[in-house]
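Right, one structure below, let's go through it.
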Amino acid sequence: MRDVGREARCGEDRHSVANYPSSSTDTKERPFKCLKCRSTFVRRDLLLRHDRTVHAKDGGIPLHSEVKRRTTTKAPEVALPGPSKMSPGHDTSTLEQIEAVNDEMVDIETAAMLMTDFHHKAMASQEPEIATEAQDTIMSSNGPSLMEPSVAYTAPGQMSLPQMPWGDSMVGESKSHSMAGGQDSHPGFNSASALSSHPHQLPPIMERTMSGSEALPPSFQSMNSSVTVSGLGTPGALSPYPSMLGPVSPVDYRRSPGPSQALTMTKAPQVESEEECAKIYDNIRHADTENALLDTFHLPSLNTLNRLLKTYFDLFHHHLPFLHPATFQPTEVAAPLLLAVLSIGALYIFDQDQAYMLHIGSKVLVNQFLQNKENFSSRKCPLWTMQSTLLNMVFASWSGDPKGLEWACSIKSLLANMVAGNRYELKLRSEAREGAQPSHEEWALDEQCRRTYYAVYIFFGLLTLTYNHTPAMGFNEFDTLELPSSESLWTMEVSDDETWRESVAASKIITFRQAHDNLFQGDPARYSAFATRVMINALFLEVWYHKRSPEALQDVVTEYKLRLALETWEKSLELCEPETVVVQLSAPHKGHPLIFNAMALYRNTRTRLVVDLKSVQEALRYHDSYEVAAAMTNARDKVQRSQEMIKVIQECFDCIEVAAVQGIRWVARTSATNWSIEHPLSGMDLMVILTLWLYRLEHDEEPATEEELAMYNKLRNLFDDDSVDIYGAKLSSTVARLWGSMLDEVVVWGITKLMGEAFKLHSQALVGYEDAMSSRSGSATPSMATGGVQVLEMQVAF
């Protein structure tokens, strides 16, 4: 054992050089060399990280930090990188094997193999784990545990959403889920083996244990359970692990004027008893007038129902808050709406089978209602039909299945017609009051109607953004309609009418027309976070209409007005209504997630004033990653090198910087459940433009200007050398590859997997066929730049 320790230390000395003065980072010296490859590093900690990440599976003795080398005094003990305070990775069986081969019977390869295995197990203990709770336990107040019980984490990027039937007639073919005896309807959540048997089952977001706690010896299982973190996917507002979980999104008072108010948290509706479950089942049976569901559809258990409700209201609702949580009673709401809510909740716990069963069930019930309704009129359609249809269209459009998108497009006009008719009825109700203040109950109903209209408007805007679909709703639908209120007012618990009337009077809600006019006149307007998202959607559609106009190139006045409106919109963020609702999501923005989402669309809108990748958007409609990648590469003629393009690239930089500063790996694992779908959709165009601009800069014979070189190096400094060296220091292919890997690592919405695959193919196209082949074989990739940019040697870890 003494020889093993000496060999470890000697091997460590061979893989490093003497420490250089700290000024080496200033003189561009890279004194720390990896003898396993040709990489060099500025600091020793970067060399250690490189050895852990790149050479972990190569075998051999891992490197150790200087501190551990100096503190290693006992020969039998081998210093390995791992947690200093807790060490469940110290596997006794591995130690016994090392002892067994001691006493002149050890050979270097065997010792290295054993210690590498030891190292892997120690590293596994560094990964955060989700606490496993009893199967019937309702989710923690710190946020939902995204998978129960704990199972092994497999590569999410290798999984895809199922190609499910979209016709209502196919509901009979969906998986059968039993409700008998109150058991959980989905066996995939009961064991790891059941999970692996489902080809379409996606894994939990953050569980990366090597083999689960059962793989540890009994003496270490208690230690393993004592260091778990509950609800890692959605950290609580007062989480004891802020550095691990990232910032939450509470109120940002610096950007929110107004009086200080107590912070509140929205409580997700829950089902309280089996009797309520039975009532929900009766509601579904009553709505299913044609008995199309009951032979194949089975309601999830009580525990699963509550999990799905909680994931919807904790993870999805804040990005499109048109439902009223305080009045959403699962036993009272329409069955199709409840099923639509549960289907999206199932997506967020990666239960694809159950999600599609609930989604198809909701579609069937809505279809029955509309077909069996005599003298159909959009004015008489209840609000829940609009809300159910919207959620079903959201589910289908981002599912990653082209059939789902085709179905959603086929009923766009129906949903737009429902909004028009329902809005007219709202107008008549408001006029009938003759200026009298509505009661809280009346206001909540009217506000829910308005929020639903605007949610449809935002969703249609995202369809235009992603697929270049013609907008199904115009601005005239919202002319005199009030904008949505603040989330604080929307979720406020009213104790008496007087307090309520004072709160409404103090909010000073303006109409859509007033806000629109203010923006185009250069006057910042004060409105809510939801209204902020609505107004950037309006400006995006204005830009879309302008760029599709035949006179767009000559219409300089309109473009000036649009730029003025966008600048005014950004200034209006300083005046945004104060929000006191704490949202339990991990995001870099400190305000409400709606502001974070709106900023993503804002960057895309400013970019589209210069570059509009129509061909890429249209290729996305048909969900073929090769066609999408080809459209990306063929769009290079649209990206020119100019002074104006530098401003566009700055927007692209702002987009990717959000992910790089947080950490690419962290964003890849958490953004799927914590960030809205707007971020990958809005970032699509920006990353294509960025990669094509970088490619031009790297390969054009024309030398780079000072501004272009500065922008290139600013982008280069976001990434470490390990990331770029894979493709021979070509930043264009690196950005495409990293973005694609980030999008498809954890998949909630199938469209992100399609986009991730397309970006990876685009990366290969940028680097060239020969370079891609040589990189796979391990040989050095020759530089393709003839007169391009000199890459600065920077070492910035992300």
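The values are calculated or read from the model by the stated rules, or taken from the named source; none is laboratory data. None of the values given here were measured: they were computed from a predicted structure. Neighbour counts are summed over all protein chains in view; Cβ atoms, including those assigned to glycine, are modelled from backbone coordinates with ideal geometry. Surface accessibility is based on the protein's heavy atoms, side chains included, excluding ligands, DNA and RNA. Shrake-Rupley method; radii C 1.70, N 1.55, O 1.52, S 1.80 Å.
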If we keep only residues of region 37-69 that are open to solvent by 70 Å² or more (accessible area, probe 1.4 Å) and more than 19 Å from Phe719 (Cβ to Cβ), then the residue modelled with the lowest pLDDT is Val67
Those residues of region 394-407 which are over 17 Å from Ala619 (Cα atoms) and out of contact with any Gly (no Cβ under 9 Å at 6 or more places or on another chain) amount to Val394
Selection from region 302-318 of residues open to solvent by 10 Å² or more (accessible area, probe 1.4 Å) and touching a helix residue (DSSP H, G or I) at 6+ places or on another chain (Cβ under 6 Å) yields Leu302, Phe316, His318
Filtering region 516-570 for residues that are touching a residue at least 60 places away in the same chain (Cβ under 8 Å), aromatic (Phe, Trp, Tyr) and surrounded by 20 or more Cβ atoms within 10 Å (Cβ to Cβ) leaves a count of 2
Answer yes or no as to whether Thr464 is modelled with pLDDT of 95 or more, more than 30 Å from Ala505 (Cα to Cα) and β-branched (Val, Ile, Thr).
yes
Subset of region 631-656, residues out of contact with any Phe, Trp or Tyr (no Cβ under 6 Å at 6 or more places or on another chain), touching a residue at least 60 places away in the same chain (Cβ under 8 Å) and not aromatic (Phe, Trp, Tyr), comes to Met632, Thr633, Arg636, Arg641, Gln643, Ile646, Gln650, Ile656
Taking region 574-603 and the residues there that are more than 26 Å from Ala672 (Cβ to Cβ) and part of a helix (DSSP H, G or I), the one that is nearest to the chain's Cα centre (by Cα) would be Glu574
Output for Cβ contacts, cut-off 8 Å, separation at least six or different chains, first residue under 11 Å from Ala531 (Cβ atoms) in region 501-512, second in a helix (DSSP H, G or I) and open to solvent by 30 Å² or more (accessible area, probe 1.4 Å), reads Phe512/Phe475
Going through region 474-491 in order, the residues found to be touching a residue at least 12 places away in the same chain (Cβ under 8 Å) and part of a loop (DSSP other than H, G, I, E, B) are Asp479, Thr480, Leu481, Leu483, Pro484, Ser485, Ser486, Thr491
Residue within region 461-473 that is closer than 21 Å to Thr327 by Cβ, in contact (Cβ under 8 Å) with a residue 12 or more places away in the chain and not assigned by the TED database to the domain that holds Met684 present:
no
By my count, helices (runs of 4 or more DSSP H) wholly in region 352-457 with at least 3 residues that are in contact with a helix residue (DSSP H, G or I) (Cβ under 6 Å, 6 or more places away or on another chain) and more than 24 Å from Phe313 (Cα to Cα) are 412-432
For region 438-450, pairs from a residue that is of a type in the set (Lys, Arg) to a residue that is not in a helix (DSSP H, G or I), with Cβ under 7 Å and 6 or more apart or across chains, are Arg450/Leu481; Arg450/Glu482; Arg450/Pro484
Residues in region 267-310 that are of a type outside the set (Lys, Arg) and in contact with a Ser or Thr (Cβ under 7 Å, 6 or more places away or on another chain) total 7
Expected single match for modelled with pLDDT of 90 or more, over 24 Å from Gly400 (Cβ atoms) and open to solvent by 20 Å² or more (accessible area, probe 1.4 Å) among Val639, Val610, Val648 is Val610
Out of curiosity, is Thr499 loosely packed, with under 15 Cβ neighbours inside 10 Å and either β-branched (Val, Ile, Thr) or at pLDDT 95 or above (or both)? yes
Looking only at region 391-406, decide whether some residue is over 29 Å from Asp624 (Cα atoms), at pLDDT 95 or above and in the same structural domain as Glu290 (by the TED database). no
